[in-house]
Every structure is written in C-alpha cells, then in structure tokens.
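K.L.:
The following block contains the structure, expressed as structure tokens.
No lab work stands behind these numbers, since they all come straight from the coordinates. Predicted model, so just to flag it, every value in this text is computed and none were measured. Cβ atoms come from the backbone with ideal geometry, glycine included; neighbour counts cover every protein chain shown.
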Amino acid sequence: MTQVVLELIDIHKSFGSSKIINGVDLAIQDGERHAIIGPNGAGKSTLFNLISGLYEVSKGNIKLRGHSITNLAPHQINRLGLSRSFQVTNIFPKMSVFENIRCALLWPLKYKYSFWHHCSYRQELNQKADELLEKINMADRRDIAAGELAYAEQRALEIGVTIAGGAEVILLDEPTAGMSHSETDRAVELIRSVTEDKTLVVVEHDMGVVFNLADRISVLVYGEIIATDTPDNIRCNADVQEAYLGEEVASC
Amino acid sequence: MSNIPKKHVTNKWWAALAVWGSAILFLALLPIPFRSGFMLSMLSEIGIMIIFALSYNMLLGQGGLLSFGHAVYFGLGGFITMHALNFVNDGVLPLPLEALPLVGGLGGLFFGIVFGYVSTRRAGTPFALISLGIGELIASSSLMLPSFFGGEEGISGDRMAEITLTPFGFGQQIEVYYLIAFWVLVSTGLMYLLTQTPLGRMANAVRDNPERTPFVGYNTHIVRTIQFSLAAFFAGIAGGLFAINYEIVTAEVVGAIPSANVLMMTYIGGTGFFFGPILGAILITLMELMLSNITHAWVLYYGLMFIAMILWAPGGLASLIMMHKPLWQGRVIGGVLKAYAIMAAPVVILFLGCMILIEINYHLSLSIKPEDPMHIFGIEFYAQSIWPWLVSIVLSIGGLIFFLKSRKIVSRAWKTAGNQLKQKDSGS
C-alpha cells in the first residue's frame, strides 16, 4: 500500500459560535491528485487555510509525513514541504515575473535571511528561476511587473510561485477560477505537468477539470466530508448527487 | 538562455565601475568650485542627509514600513558617537576619528534590533503608531537621562582628536567634508548592494504582499526586523557624522521634527527608485539652508511641495525623471521637451503670482513693522498698497488659465511620443 503523505484527523474549526469544519478526516496518498469539491460555503478554502497554517485549528490533528504540523506558523509548514496557492491571485505585484519565482527559491536554496549574497551572481538560483519560467511558459514575460500581467498569466505565475520551491505536497485553491475554456485547458495541462511526481490537493468548482485531473475526489458539504472515492464512483454516488452534483452529470 | 552571458556580466561590471568611479571623482572635485565655508558646510549637511534619507527608504520604499520615528536611530547614533569622541579625547578609547561614525552605526543597530523586533510584527498602521510612540519615548527620556543626553544644552565634543588614520586634523571644514563624502560613498554602496541580496529581495516581497511571503518560507517579522535594524545602522552612521560635523548633539535631534523631515525628503525624492532619496536630500537641504535666508515662508513652500507631490507625483522626483526614460531611449523625447518649454512660462507666472501673495501676507502678519516697505527681487513696495495685490492676483489667475491650457499641449505631446515609440517598436 502506498504511503499517506498528508493526514487530517478529526479537524474542527469554528469562528465564534459558527462551526465551519465539523470533524474532517482525510488521508492523502503519496503522489495522488486529490480534488476537494463541494457547494459554496462548504468550507473548502477554510480547510486549505487550516492545513497551510493560516488559520488555527480548533480541534484535531494534521500530519505531514507522520509529523504533526497542527497550528505551526505558515512559514514553518512551508519549509516542511507543503506549498499552496490562493483563490484570489496572491503574487508580488511590483516585482518582475522572474523576481516572483526567484523569491520562492531563496529559502529552499538555503539563502535564509542572508544579506551577504548578491542574488544576480548566484548562478544556480537564477538558472533554476529561468528553468521554472520555461516550465510555466512565461520566459517571454520574464521582466514584466507581475501586477501588469493578464489574469490568466497571473494565475499561471501563482502556480509557478507555489511549485518553485520544490515542495512535495501542493495545495491549489481554485486554480482555474475565472478563466475561459481555452485558458482552463491550458491551466490543467500546466498543473498536470508541474505536479508530476508530487502530491496534489486541489479545490475546484469546474467539474470538467476535477474529473479530468483527479485520481480521487472528496466531497465536502457543510464542513463534513460525505464521500471520498474515485471520480467514477463519486459521479454515481447518490448522496453526492443529491447534495451537490445534481442530475446532469448523473450518467452512470 | 538561463545562463547570464559572459559579455553581459562584464558590461555590468564596467557600468558599475563607471558609476562609482564618477561618483568618487565628483565628490572629490566638488570642493573646488564650492570652497567657501558656507558651501562646504552645506555640502557636509547634504551628505549626512543623503545617508539618513537612503536609510529611511530601506524602511519606506523597500520594506513598506512607514516610520514616524526614524530620527531616534540617527539621534542615538549621534549621542553615542559624541560620547565615544569624548572617551577618545579622555584617552579611554583608542579609536581613530574616521571610524567613529561606525560606533554610531553600531549604536543605531543595537537599538534598531531592540525596537525593530518590538514594532515590526505588523506593518501599516500598527507599525507607524509604534514608531511614533518609540520616538516620543526616546524624546521624553532625553530630558530624564541628562548624563547621556546632556539635558537641555545637549553634549558637545572636540573633533580634533588625537588619533586619526589620515593626516587630517579635522580642524577645517573641508577635512570633515571629505570624511562625510567617504562615508556617503561607503554607505550608499552598501545600501545599494543590500537591495540585491536575498534579504533585500524578500524585504520587497514583504512590502508587496506580506500575506504571501510565509508561503514561500519566510517569516515576515524576521525579514522586517533585520531590514529595520540595518536601516537603523545606517541612520546611526549619519547621526555619527552629524555629531562630528557640528560637534554638538542636542535632544532635538531624536525628536519628531527630524523624523518628519526625513520622511518628507525621502518621499519628495521618490521611494520607488534607489537614488530617489538622494535627490530629496539634496533638494530639501538646499531649500532649508538657502531659502530660509531669503524668506520666512520657506517651510510653507516645503509643505506645499510635499502636498503637491502626494497629489500629483506620488512617485516623487525620481519617478518624474524615470518616466521619460523610454522616450529618451527611443529618441522621441524632443516633442515632449518642447511642450515642457511652452508650459514653463505659465508655471513661472503662476508661481510668481502665488509667491507674491504669500510674501505679502507673511510681511503683513509676521514682520515687526508691516508699514515698512518690503522687497521682492529688489523691487521695493508697500504691502498696504493695492498694486502688489492686483499684480499678484492677475499673475496667479492668468498663469493658472494658461497653465491649464498648456497641460493639453503636454498631454498631446506625450501621446504623439507614445505613438512614435509604438511605431518604432513594431518597425524594428
């Protein structure tokens, strides 16, 4: 059996008296592509914020490769090899595309808070950043300020920043939200290629993307996971159809 | 593709060498035309302010930290340097005078680490308010700790120290000027290099988007603390030079006024470019030293300029200059410059009109005997007569009307230049 990389054990989260997450258990396997779907307000983004350390967990335990990362600071979790993207584009707008990627490489290449290395003359650093730009097809946008990119390009850069550090576990929060059909197709291709031999957890609304990309799917409704299974089984699951998918995809 | 071509790197080295070489030459030769005592004092003051403003921009421009208390580190650096100087003169501390600003810098660094750690957990309003609080704290404690701050009269020292590295005795202003010029070059070079380091790049990242930086592995608080401490270090060096230059440091130096002053000169110079604060420091120090001899209203002009910058040129002087770079490089700047020349006339008229109005009002309300005649550009007149009022109002209104019209000429010239640039781009 394959190894569990990311494990959520009975996770609860409440904001004041409102309970957003009610006892989520989830085990993500090594190398799998796992999608989390669910209606608006089900708590999908909250779940990501809990895993990545942005929010504090009210109750429960999160383990990354067996080590508890519950309520660690976001930068500590990131250093342990878990990286995430954001639903709303979250890049460094005044810095160039190249600089955005390079920033994500500094810590993994162990530069830490150095103020005695000159970035321009670190060959490995710049080479890696340029390679990554090639990988996300943005080499021709290298020196443009990230804030001036088109929306779809910013989303691609967001993914680039997320994977640049070489984290093993990648969390993508609605990577294709707001994209046209052709842009979505290209984004899916990009995600597929850059997350090869990594573990991917993705929140997504576009069912085409989900069924195309995921090995397994979890359905989150009102803060609880009602099913985790392969795409085909999820499609035919009566509970899921009732709660979320509706009739039109129910072609079993 | 991913390797930086060798030739490119060597070109960069040559460019850097040319910039720094000419800067050294420029500062070395500057006292030849400006050899009077007043000029040398002014150049010295400008040099100190350049270091101070650049260090402030490490916070505001590069780190996104709006501080209202940066003079704390400038002032403490000054006091510490002055104490060190007195220790040297007492024979307790064997340090050459040339190195004393470094003592001020280390003092600034120490307090920068302490107060930086406390205040930089968050940027924005919390940081700004804490910096204001620390500024007030130090300013008020300066009167409570007279042994360190010297009470109301401050502490003074004699810079003609026993130990020096150079043959300079530092009795003459020109020798102090060269000491300051040396530290300006060293500090500016180091501060520029800092922007190119991992810390400098992450300071920019934290400025741009502090929510995202933890997710590339960085603790925003530590990035800010280090950036803040290093800014305080350079402010301390500037303060040390201040102590040596004036041979006296008083409690006013750590107060709110110099803190506001460095903010304003940095902002006017431009926070978006490394060299921006240098322009601001030069311009504001010149205004402070020259305009204040001519008119009491200079602070008003200073304030008006600051407001005008915030409203119409938030990038400061540096961005006003740099926005012409593409036009200059594309060789299509001629039309725009012509339009500026046309605009210059109404601007001067408008300025003259407003200036006469301001000066008349200052004369009426602030001079000892308002009924005495006043002078502007050597012309003598009475503030009570109607003519100066009429002239200034006509000039102001006329200037304003033609200024608004000339703005259209300028924007048309910009459009044409932009189109020419596009054509050239697609042509090549």
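K.L.:
Filter region B:209-243 for residues that are assigned to a helix (DSSP H, G or I) and farther than 22 Å from B:Gly69 by Cα; which is farthest from the other protein chains (Cβ to nearest Cβ)?
P.N.:
B:Thr213
K.L.:
Among all residue pairs at least 6 apart or on different chains, which show Cβ distances below 9 Å where the first residue, located in region A:61-87, is over 27 Å from A:Gln154 (Cβ atoms) and away from chain B (no Cβ under 14 Å) and the second is hydroxyl-bearing (Ser, Thr, Tyr) and assigned to a loop (DSSP other than H, G, I, E, B)?
P.N.:
A:Asn61/A:Thr70; A:Ile62/A:Thr70; A:Lys63/A:Thr70
K.L.:
Next up: Scan B:Leu364, B:Leu352 and give me the residue that is crowded, with 16+ Cβ neighbours inside 10 Å and in a helix (DSSP H, G or I).
P.N.:
Numbers: B:Leu364 fails: crowded, with 16+ Cβ neighbours inside 10 Å.
Being crowded, with 16+ Cβ neighbours inside 10 Å and in a helix (DSSP H, G or I) holds for just one of B:Leu364, B:Leu352, which is B:Leu352.
Condition check ((1) closer than 18 Å to B:Tyr73 by Cα; (2) of a type in the set (Gly, Ala, Ser); (3) surrounded by 19 or more Cβ atoms within 10 Å (Cβ to Cβ)) across all residues:
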{"position": "B:Gly107", "(1), (2), (3)": "yes, yes, yes"}
{"position": "B:Val114", "(1), (2), (3)": "yes, no, no"}
{"position": "B:Arg121", "(1), (2), (3)": "no, no, no"}
{"position": "B:Ser140", "(1), (2), (3)": "yes, yes, no"}
{"position": "B:Leu145", "(1), (2), (3)": "yes, no, no"}
{"position": "B:Gly150", "(1), (2), (3)": "yes, yes, yes"}
{"position": "B:Glu162", "(1), (2), (3)": "no, no, no"}
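K.L.:
Let me ask you something else. Could you tell me which of the residues B:Leu193, B:Leu85, B:Leu93, B:Leu185 is assigned to a helix (DSSP H, G or I), of a type in the set (A, V, I, L, M) and more than 18 Å from B:Phe233 (Cβ to Cβ)?
P.N.:
Values: B:Leu193 fails: more than 18 Å from B:Phe233 (Cβ to Cβ); B:Leu93 fails: assigned to a helix (DSSP H, G or I); B:Leu185 fails: more than 18 Å from B:Phe233 (Cβ to Cβ).
Only one candidate qualifies: B:Leu85.
Per-residue answers, yes or no, for (1) under 16 Å from the mean Cα position of the chain (by Cα); (2) under 15 Å from B:Asn57 (Cα atoms); (3) of a type outside the set (A, V, I, L, M, F, W, C); (4) assigned to a helix (DSSP H, G or I):
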residue	(1), (2), (3), (4)
B:Pro277	yes, yes, yes, yes
B:Gly280	yes, yes, yes, yes
B:Thr285	yes, no, yes, yes
B:Gly303	yes, no, yes, yes
B:Arg331	no, no, yes, no
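K.L.:
Could you check A:Glu196 against (1) farther than 15 Å from A:Pro39 by Cα; (2) over 20 Å from the mean Cα position of the chain (by Cα); (3) free of Cβ contacts under 8 Å to residues at least 24 places away in the same chain and say which number it fails?
P.N.:
(2)
K.L.:
Consider A:Gly43 carefully, then state whether it is crowded, with 19+ Cβ neighbours inside 10 Å and more than 14 Å from A:Leu171 (Cα to Cα). First the steps, then the outcome.
P.N.:
Numbers: crowded, with 19+ Cβ neighbours inside 10 Å: yes; more than 14 Å from A:Leu171 (Cα to Cα): yes.
Yes, satisfied.
K.L.:
Looking at B:Ile284, B:Ile257, B:Ile248, B:Ile310, which is the one that is of a type outside the set (Lys, Arg) and crowded, with 22+ Cβ neighbours inside 10 Å? Break it down into steps so the answer makes sense when it comes.
P.N.:
Details: B:Ile257 fails: crowded, with 22+ Cβ neighbours inside 10 Å; B:Ile248 fails: crowded, with 22+ Cβ neighbours inside 10 Å; B:Ile310 fails: crowded, with 22+ Cβ neighbours inside 10 Å.
Of the residues listed, the single one that is of a type outside the set (Lys, Arg) and crowded, with 22+ Cβ neighbours inside 10 Å is B:Ile284.
K.L.:
Something else: Could you please find all residues in region B:163-199 being more than 20 Å from the chain's Cα centre (by Cα) and within 14 Å of chain A (Cβ to nearest Cβ)?
P.N.:
B:Gln196, B:Thr197, B:Pro198, B:Leu199
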